[in-house]
Amino acid sequence: MGLGQFFNKRRRGAFGRSRSGNVAMMWALLGAGILGLTGLSVDFTRAQSIRAQLQNAADGAVLAASRAQGMTLEQRQAAAQAYFQTAAGEYASVTGRSMSAPKPSAGA
């Protein structure tokens, strides 16, 4: 079988009309997309879980500071920071945020 026989018009037409092997080709093309979308959904779910954990820690820290009525501002900030560090767990040092409360004005 020479190269000339493979490239004749009749064989080229049959090759273009052939439907055998389409399932493998479709899996090869779509498999990467499906795998990528699965990875994105796992990453997004994990990010939302971490965000919710940090938001709950921040809310709890504010409540802990607001319930300490007999403490000074610095003591409240320390209590809020301690609560946040405990509630946020391993993500507390990753946030890069600092907690500070505005100083009360003299007229208030």
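The values are calculated or read from the model by the stated rules, or taken from the named source; none is laboratory data. Since the structure is predicted, the reported quantities are computational estimates derived from the model, not experimental observations. Here Cβ is always computed from backbone atoms with ideal geometry, including for glycine, and neighbour counts include all displayed protein chains.
Just give me the residues in the range 72-81 being surrounded by 13 or more Cβ atoms within 10 Å (Cβ to Cβ) and without any contact (Cβ under 8 Å) to a residue 12 or more places away in the chain, in sequence order.
Pass one, the range 72-81, residues surrounded by 13 or more Cβ atoms within 10 Å (Cβ to Cβ): 73, 76-81.
Across the range 72-81, the qualifying residue is only Ala78.
Filtering the range 43-78 to residues that are more than 32 Å from the chain's Cα centre (by Cα) and either among the polar types (S, T, N, Q) or modelled with pLDDT of 95 or more (or both) leaves Gln69, Thr72, Gln75. In this structure, Ser18 does not satisfy being of a type outside the set (A, V, I, L, M) and within 30 Å of Gly89 (Cβ to Cβ).
Yes/no matrix, rows are residues, columns are (1) without any contact (Cβ under 8 Å) to a residue 24 or more places away in the chain; (2) part of a helix (DSSP H, G or I):
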| position | (1), (2) |
| --- | --- |
| Gly31 | yes, yes |
| Leu37 | yes, yes |
| Ala58 | no, yes |
| Ala61 | no, yes |
| Ser66 | yes, yes |
| Gln69 | yes, no |
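Of the residues in the range 34-81, how many are within 20 Å of Ser93 (Cβ to Cβ) and charged (D, E, K, R)? Of the residues in that region, 3 qualify.
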